[in-house]
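So the structure is just underneath, and the comments pick up after that.
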Amino acid sequence: MGIIDSHLVYSSKINLFEKSLDTLSLRHKSIAGNIANISTSGYKRKYVDFSAEMRKAVKNKGTIKLVRTDPVHRAGMDSKGIPEMKTDKDNSGFNGVNNVDVDREMTDLAENHIIYKTAATLLARRFRGLKAAIRGRS
């Protein structure tokens, strides 16, 4: 594998890790918001579909196309590369007040934490490997 090929492999994997961490961070925010609004009448549960976001990232080979969507945005911002938070339209109330199920949210929170920690650890290992390669160690 040549230097350019190697760079593309490392670059796309790092972009994929970055995308996963961004998505998991937004997912955490949505879960925390759901838990905070457990007693808010009429509140609709928010969620981030991590699997769908990762399928999109892999389909795009881990790259994010950067375009300016508004003149006041900084150059390079792209709303298509940002994970999407969705609203659960289900009207069945789990608690009689809204559609937030605290057991589901706590399970999602634990799962999200485990995946985030794993992705962050793998990314750190990737950078340690690059650092070792630069220094000439294996």
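The values are calculated or read from the model by the stated rules, or taken from the named source; none is laboratory data. Since the model is a prediction, treat every value here as computed from it, not as a measurement. Glycine also receives a Cβ, built like all others from the backbone with ideal geometry; neighbour counts cover every protein chain displayed.
Has segment 52-65 got at least one residue that is in contact with a Ser or Thr (Cβ under 9 Å, 6 or more places away or on another chain), surrounded by 14 or more Cβ atoms within 10 Å (Cβ to Cβ), at positive phi and at pLDDT below 95?
Yes, segment 52-65 has at least one match.
Output the residues belonging to segment 26-48 that are modelled with pLDDT of 95 or more and either small (Gly, Ala, Ser) or farther than 22 Å from ASN95 by Cβ (or both).
Result: LEU26, SER30, ALA32, GLY33, ALA36.
Being part of a helix (DSSP H, G or I) and either under 13 Å from the mean Cα position of the chain (by Cα) or modelled with pLDDT of 85 or more (or both) is the requirement here; does GLU84 meet it?
Values: part of a helix (DSSP H, G or I): no; either under 13 Å from the mean Cα position of the chain (by Cα) or modelled with pLDDT of 85 or more (or both): yes.
Considered against the rule, which asks whether it is part of a helix (DSSP H, G or I) and either under 13 Å from the mean Cα position of the chain (by Cα) or modelled with pLDDT of 85 or more (or both), GLU84 comes out as no.
Does segment 109-130 hold any residues that are over 15 Å from the mean Cα position of the chain (by Cα), small (Gly, Ala, Ser) and surrounded by 12 or more Cβ atoms within 10 Å (Cβ to Cβ), and which are they?
GLY129
Does ARG68 fit the bill of being surrounded by fewer than 12 Cβ atoms within 10 Å (Cβ to Cβ) and modelled with pLDDT under 95?
It is false that ARG68 is surrounded by fewer than 12 Cβ atoms within 10 Å (Cβ to Cβ) and modelled with pLDDT under 95.
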